[in-house]
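The next block holds one structure in the form of structure tokens; read it before the comments.
Please treat every number below as a calculation from the coordinates, not as lab data. All values reported here derive from a predicted model rather than from experimental measurement. All Cβ positions, glycine included, derive from the backbone under ideal geometry; neighbour counts span all protein chains shown.
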Amino acid sequence: MSTYNFEEIFESKLAKNEMIEPKDWMPENYRKHLIRQISQHAHSEIVGMLPEGNWITRAPSLRSKIVLLAKVQDEGGHGLYLYTAAESLGISRDEMLDALHTSKAKYSSIFNYPTLTWADVAAIGWLVDGAAIMNQVMLQRTSYGPYSRAMIRICKEESFHQRQGYEAMTRLAFGTPKQKEMAQDALNRFWFPTLMMFGPPDKESPNSDNAVKWRIKRETNDELRQRFVNQTVSQIEYLGLQLPDAKIKWNEAKNGYDFSEPNWVEFKNVINGNGPCNKERLNARVSAHKNGEWVRAAATAYAKKLENETIAA
Amino acid sequence: MSDSQGPMWEVFVQKKSGQPFVHCGNLHAFDKEMALQNARDLYTRRMEGVAIWVVKSEHIVASSPDDQGSFFEPANDKIFRHPTFYQVPDAIKHM
């Protein structure tokens, strides 16, 4: 009889870049960390449908309307992939939904900002999905198999999201002076909230340390944020818009741009429920769940009836 | 795992006819028909397949990673199951 050292097996798998699968032994904190991260990621996809859904009926053309519908449908799908990935860790869908509806679980702070104009929808596709992709490309190589597989699928679908946003932004930026102004205003309002999406600075990030050690994340919040800024500045310049931060400046020494830190007090406030749209978003989710109750009850009854018919036959 | 969203189902998609069905993920649905429709909406929005299988997750029987060693060990020392184990005279082509 040999005795296994489970922790050693787990560590050696990580060291060899092997994936951890649902039935593998894993430290309790690894499981907890993943449940928190994946469920919050799922909630973000679902809540993220709301700010854009707000514009489906008012999209400026039939083309932009079908594109937006397809994008919002994708976000719903991404939420579903992620929920089932989290469920493989032993938490039920109901528990996760309950945590969202009672504010025990968080979702990305960005979706607590309003979409005031059509340019905001463009800015979300370009900037918010751009930032999300940066994070998600990294997560394709995360150490937990089901999460990694969900991310690979999501990344495949996501690149159209950013491109359609940038295309819509281009139309506004090269349109009438009024449209260009609208584009600038959306950029100015969404810039810092987008930078916040990568999470608090490394020196203050409570969850980063283990996440990197366990290869759940492979890059830190600050590294991803820096890469996003480096990539986005030239996209802003192409649009002929003004940089939303006067401190953005190329720094040869670090081979990247310097830029201002987002307002982390605002970030904490929004995360803790006091952003411009927190209440509205949560109410929309809770009422959608409540209003769907009769559908779930009917579907359950129908499934039971089918089962009984099969047994009787 | 069954909850207010209905039981969990596993989804297998065949990319092209003649190819194997490959597991691509899972979903919740209340009955077979709904599982199939949800699978189409969730996993084939971009022509990812030409056919789908769905099966309730509780019907999947899986090997355990803890037994991986002993479970697959019998195949370890049977190199004679591979064609390269055998010597074929140089004069014989195409075998």
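Would you give the gap between the C-alpha center of region A:190-260 and the C-alpha center of region B:24-60, rounded to a whole Å?
Each part's Cα centre sits 38 Å from the other's.
Nearest 20 debye, what's the magnitude of the dipole of chain B about its Cα centre given +1 on Lys and Arg Cβ and -1 on Asp and Glu Cβ?
600 debye
Quick check for me: using +1 on Lys/Arg Cβ and -1 on Asp/Glu Cβ, what's the dipole size of chain A about its Cα centre, in debye to the nearest 20?
In debye, rounded to 20, chain A gives about 500.
Placing +1 on the Cβ of each Lys and Arg and -1 on the Cβ of each Asp and Glu in region A:102-252, which of A:GLN242, A:VAL137, A:GLY175 has its Cα farthest towards the positive end of the resulting dipole?
Positive-most Cα among the choices belongs to A:VAL137.
Could you list which residues have their amide H under 5 Å from that of B:MET8, counting only those 5 or more apart in sequence or on another chain, with H placed in the peptide plane?
Close amide H contacts, sequence-distant or interchain: B:SER57.
Which of the lysines could a cross-linker span from A:LYS23 if the Cα-Cα distance has to be under 23 Å and same-chain partners fewer than 8 positions apart are dropped?
Within reach: A:LYS13, A:LYS32, A:LYS213, A:LYS217, B:LYS56.
Could you work out, residue by residue across A:73-82, how many beta carbons of other chains sit within 10 Å of that residue's beta carbon, and then give the average as an integer?
Mean partner-chain Cβ count within 10 Å for A:73-82: 3.
Specify the angular offset, from 0 to 90 degrees and rounded to the nearest 10, of the alpha carbon long axis of helix B:32-43 from the longest principal axis of the alpha carbons in chain B.
Compared with the principal axis, the helix lies near 70 degrees.
Which entries of A:LYS65/A:LYS178; A:LYS156/A:LYS290; A:LYS305/B:LYS16; A:LYS106/A:LYS178; A:LYS65/B:LYS15; A:LYS104/A:LYS268 have Cα-Cα distances beyond 27 Å here?
Correct reply: A:LYS156/A:LYS290; A:LYS305/B:LYS16; A:LYS106/A:LYS178; A:LYS65/B:LYS15.
How far apart, in nm, are two points set 7 Å out from the Cα along the Cα-to-Cβ line at A:ARG163 and at B:ALA51?
Simple spin-label model gives 3.2 nm for this pair.
Under 10 Å, Cα contacts only: if you run a Gaussian network model on chain A, which one of A:ARG189, A:ARG225, A:ARG63 comes out with the highest mean-square fluctuation?
Per the Cα network of chain A with a 10 Å cutoff, A:ARG63 tops the list.
What is the extension gain from B:PHE80 to B:ASP66, computed as 0.36 nm multiplied by their sequence separation minus the C-alpha to C-alpha distance, in nm to one decimal? Display every interim value, and only then the final one.
On the way: separation 14, 0.36 × 14 = 5.04 nm, distance 2.74 nm.
Separation in residues times 0.36 nm, less the Cα-Cα distance, equals 2.3 nm.
Under 17 Å from a point placed 7 Å out from the Cα of A:GLN235 along the Cα-to-Cβ direction: which residues of region A:177-195 have their backbone N that close?
Residues A:183-195 qualify, since their backbone N sits under 17 Å from the label point.
Stretched out fully, how many nm does the piece from A:VAL295 to A:ILE9 gain, at 0.36 nm a residue minus the Cα gap?
Gain on extension, A:VAL295 to A:ILE9, equals 98.4 nm.
For region A:94-182, take N as its residue count and report Rg(C-alpha) divided by 2.2 N^0.38 Å.
Dividing the Cα Rg of region A:94-182 by 2.2 N^0.38 Å gives 1.35.
Along the charge dipole of the protein assembly as shown, pointing to its positive end and built from +1/-1 on Cβ of Lys, Arg, Asp and Glu, which listed residue (B:ILE92, A:ALA123, A:ILE38) has its Cα farthest out?
A:ALA123
Give me, ordered by chain and number, the residues 5 or more places off A:GLY256 or on other chains with an amide H under 5 Å from its own placed amide H.
Those qualifying (amide H under 5 Å, at least 5 residues apart or on another chain) are A:ASN251.
For region A:98-184, with only Lys/Arg (+1) and Asp/Glu (-1) charged at the beta-carbon, what is the dipole magnitude about the Cα centre, in debye rounded to 20?
For this selection, approximately 180 debye.
Quick one: if the Förster radius is 25 Å, what FRET efficiency do A:CYS155 and B:SER4 give, using the C-beta to C-beta distance and rounding to 0.05?
On the way: r = 30 Å, r/R0 = 1.21.
Efficiency for this residue pair is about 0.25.
Taking H placed 1.01 Å from N in the peptide plane, check which residues at least 5 places from A:SER108 or on another chain put their amide H under 5 Å from its amide H.
A:SER44
Using θ = phi - 60° and the Karplus form 6.51 cos²θ - 1.76 cosθ + 1.60, what ³J(HN,Hα) does each residue of region A:120-126 get, whole Hz, x for Gly and Pro?
5, 5, 4, 5, 5, x, 5
Each residue of region A:78-94 in turn: what ³J(HN,Hα) in whole Hz from Karplus with 6.51, -1.76, 1.60 and θ = phi - 60°, glycine and Pro shown as x?
4, x, 5, 4, 6, 4, 5, 4, 5, 4, 5, 9, x, 10, 8, 4, 4
Under the Karplus relation 6.51 cos²θ - 1.76 cosθ + 1.60, θ = phi - 60°, what is the ordered set of whole-Hz ³J(HN,Hα) values for region A:298-313, x standing for Gly and Pro?
Karplus values, whole Hz, x for Gly and Pro: 5, 5, 5, 4, 5, 4, 5, 4, 4, 4, 5, 5, 5, 5, 5, 6.
Length gain on complete extension for the stretch A:ARG36 to A:SER287, per 0.36 nm per residue less the alpha carbon to alpha carbon distance?
Answer, rounded to one decimal: 88.0 nm.
Among A:ALA253, A:ASN17, A:PRO193, which residue has its Cα positioned farthest towards the positive end of the charge dipole of the protein assembly as shown, with +1 placed on the Cβ of Lys and Arg, -1 on the Cβ of Asp and Glu, and the dipole taken about the Cα centre?
So the residue we want is A:PRO193.
Determine the principal axes of the Cα atoms in the protein assembly as shown, then give the extent along each, sorted from largest to smallest and rounded to whole angstroms.
77, 63, 49
Any idea what % of Cα-Cα pairs in region B:32-95 are farther than 18 Å? List each step's numbers first, then the result.
Working: 1362 of 2016 pairs.
When all Cα pairs of region B:32-95 are counted, 68 percent exceed 18 Å.
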